[in-house]
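Quick note: the coordinates plus some simple rules give every number you see, no bench work behind them. Because the structure is a prediction, the values reported are computed rather than measured. Note that each Cβ is placed from the backbone with ideal geometry, even for glycine, and that neighbours are counted across all protein chains shown.
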Amino acid sequence: MRVLIVEDHQILSRNLQQFLKLKNIESLIVSDGKEALFIASTEFFDLILLDINLPSMEGNEICRSLREKWKDVPILMLTSRSSKIDMIWWLELWADDYMVKPFDYDELLARIHSLTRRNLKNKSTTQITIHAYIIDLEKKIVTGEDWEVKLSHLEFDLFLYFAQNKGKVLSRQEIYEKVWGEYDEFNMGKTVDVYIWYLRKKFGKQMIETKKWFWYVIK
């Protein structure tokens, strides 16, 4: 699991990161609202811990922007405000859950697990549609209007990963770690590029766009 911690209080953010590390949860800390939006648009996270009061942008504004672009990522807001009206408003509009500071770390962990489990359940479906193609998760095939696109096991997994992250710009490293399930700095770049070339041959060159030289996206 990978969590984005958006918090400008350095001691709290470091304590959170150390606690999550002990629970085998990887995390990244950012302390600025605009930086958080940029990082969230270029890297994959299973959940976002978002402070309400941040430099450059308010947490509720960041939360709204995140929700508009990435509807499936759970957002747990951290706040020192205890107004029930504020909490209801945030939950109804953008956030998935909230905790009032100071909070119990074990309770926070339980909520993180609850939100990510709920997200996986919501995503559970037998088919995913991407452009003119249907991905059948049970049969592990991809079909067009009236034909099947012949894919190898790895090609299917790679195309599925792009479809599950439609609109998000993905790095070579992220793709390799998620699809191949390992980290190999020496072979990573060549392997990912070759398999993206395979997919472009089968789905067309415009299906997967190249961004920033070594970043890719399906829109």
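Rounded to the nearest 5, the antiparallel percentage of DSSP beta bridges internal to the chain is 45%.
For the listed residue pairs LYS166/LYS205; LYS140/LYS166; LYS23/LYS211, the alpha carbons are over 28 angstrom apart in LYS23/LYS211. Show me the GluC sites (Glu not before Pro) within the range 16-51 that DSSP assigns to loop and that have at most 11 other Cβ atoms within 10 Å of their Cβ. Sparse-neighbourhood loop GluC sites (Glu not before Pro): none present. Which whole-number percent of Cα pairs in the chain have a distance greater than 33 Å? It works out to 23 percent of all Cα pairs.
Shown for ARG14, ARG172: other C-beta atoms within 10 Å of each C-beta, ranked fewest to most, produce the order ARG14, ARG172.
What does the charge count near ASN187 come to, summing +1 for each Lys or Arg and -1 for each Asp or Glu among other residues with Cβ under 14 Å from its Cβ?
Taking every other residue near ASN187 into account, the sum is -3.
Among SER41, SER80, SER171, the largest mean-square fluctuation in a Gaussian network model of the chain, built with springs joining Cα atoms closer than 10 Å, belongs to SER80.
Each stretch of four or more DSSP H residues adds -39500 (n - 2.57); spread over every residue of the chain, this sum gives -14000 deg cm²/dmol at 222 nm.
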